Amino acid sequence: MAKTIQAIRGMNDCLPTQSPLWQKVEGKVKQVINAYGYSEIRMPIIEMTHLFSRAIGEVTDVVEKEMYTFEDRNGDSLTLRPEGTAGCVRAGIQNGLLYNQEQRLWYMGPMFRHERPQKGRYRQFHQCGVEVFGLDGPDIDAELIMMTARIWRELGIAQYVRLELNSIGSPEARAEYRTALIAFLEQHESVLDEDSKRRMYTNPLRVLDTKNPEIQAILGDAPKLSEYLDNDSRVHFAGLCELLDAVGIEYTVNERLVRGLDYYNRTVFEWVTESLGAQGTVCGGGRYDGLVEQMGGKATSAVGFAMGLERLVLMVEALELTDDVARQVDVYIVTAGEGTLPAGVTLAESVRESLPTLRVMNHFGGGNFKKQFKRADKVGASVALVLGEDEMAQQMVVFKDLNGGTQETVLQSDVIEKLAYFFK
Ligand code: ATP
Ligand code: MG
């Protein structure tokens, strides 16, 4: 026998047993975003490599060590997208969506990062991202946070996530802070690990983001970014906090929250959870007012977030909030006897025609009633419509309630009305 071929490590199949849960999570996320009037944008999965290195920043985990980069047959360096913001900004500029306009956009799809696979961390994973262009007030930052809070409520996970918030100010304020932070880090160089030492001069703010507990311990005494904030950023942040207070969204201000990518300014936020072990962040975002101009467009304010769908699916699954997604089929058509199969297929088609939201499955492959009802059970059907030769001859069908166990013989012409009433 030939050797079987395995999927790439960290890249998972979504099996038929898992897809109902995925559809539920994706469906609820889309429904909430829709309720705020946002529009979908779809970008390619592959872009020019320098799009990401320029947008995300050379000295970031993603660009330094996580990108899937390869040369295509023309010798161009291409990269599988590790996140969606860079491509969204590229698409916005290229298609003239951003200049002097307001855009509220969302996307959903696979992202690729070469990381060590573990629970909640994969090499192909899925994000839903939201990006807003052309609005510079704290009101829109608050709306994005409200939108995410509503998503958690819809998914039933609101009590297991909490919001961390910070302002990282203007690029100028950060430059001043940077100098102070480097001076502090130089005094503690002996404690720093390789990554932090390397970043100390290129991207010292990223040291604040470290997961190394020894470094975290000394950072308690580090100069605080909040003391260096420019006045406009302070006012913006106060405005955001006021709005969140007004709508009753709780948050903690985490002074060390800086986010992993270079393009952020002012507002940054993360939704974190304790229920996923080390992979604690389910959603992260913030303002990136400088990125559009940096990517060659006209200066445009922008704010957005991205959530990791695997982590949401894991949380929903762990909470066993999945009862209502196990059922795959509503109506199962059972047939037995000469000429009943075409009649059953026709009946199923007429049900789909009249009641398009019902999921109707025909039994194929023959077998006695017992075998057919077993299948009906396996797919979670609530009703079986049973057609034998006698029923067929009389234009009748047996309507069987598979949960209640009752059954009655009804006219085929009445079956739509009966199903509509049953599934009301
Ligand atoms: P982390 O600190 O967990 O590495 P990150 O800061 O790299 O996250 P972002 O770039 O902000 O993550 O991406 C937004 C969200 O996408 C994360 O909060 C997380 O839910 C999800 N995510 C990021 N990387 C992965 C991955 N490798 N596998 C699964 N989900 C991921
Ligand atoms: Mg990461």
Residue pairs within 7 Å by beta carbon, gap of at least six or interchain, first lying in the range 167-184 and at positive phi, second open to solvent by 20 Å² or more (accessible area, probe 1.4 Å) and assigned to a strand (DSSP E or B), listed first then second, are 169/266
List every residue pair whose Cβ atoms lie under 9 Å apart, where the two residues are 6 or more positions apart in sequence or sit on different chains, the first residue falls within the range 10-27 and is open to solvent by 30 Å² or more (accessible area, probe 1.4 Å), and the second residue, located anywhere, is among the hydroxyl-bearing types (Ser, Thr, Tyr).
11/122; 12/122; 20/322; 24/322
Do any strands (runs of 3 or more DSSP E) lying entirely in the range 48-162 carry at least 1 residues that are away from ligand 1 (no atom under 16 Å from the Cβ), open to solvent by 10 Å² or more (accessible area, probe 1.4 Å) and touching a residue at least 60 places away in the same chain (Cβ under 8 Å), and which ones are they?
103-112
Would you mind stating whether residue 148 is at pLDDT 90 or above and either on the phi > 0 side of the Ramachandran plot or touching a Phe, Trp or Tyr at 6+ places or on another chain (Cβ under 9 Å) (or both)?
yes
Conditions (1) more than 20 Å from the chain's Cα centre (by Cα); (2) farther than 29 Å from residue 146 by Cβ; number of the one not met by residue 14:
(1)
Restricting attention to the range 269-294, and to residues there that are open to solvent by 30 Å² or more (accessible area, probe 1.4 Å) and in contact (Cβ under 8 Å) with a residue 12 or more places away in the chain, which single residue is nearest to ligand 1 (Cβ to nearest atom)?
281
Limited to the range 239-268, what total is found for residues that are closer than 23 Å to residue 57 by Cβ, away from ligand 2 (no atom under 16 Å from the Cβ) and open to solvent by less than 10 Å² (accessible area, probe 1.4 Å)?
1
Residue in the range 327-344 that is more than 11 Å from ligand 1 (Cβ to nearest atom), within 27 Å of the chain's Cα centre (by Cα) and modelled with pLDDT of 95 or more present
no
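The values are calculated or read from the model by the stated rules, or taken from the named source; none is laboratory data. What you are looking at is a predicted structure, and each value in this text was computed from that prediction instead of being measured. When we count neighbours, we look across all protein chains shown, and the Cβ atoms used for this are built from the backbone with ideal geometry, even at glycine. Accessible surface is based on the protein model in full, side chains and every heavy atom, while ligands, DNA and RNA are left aside. Shrake-Rupley method; radii C 1.70, N 1.55, O 1.52, S 1.80 Å.
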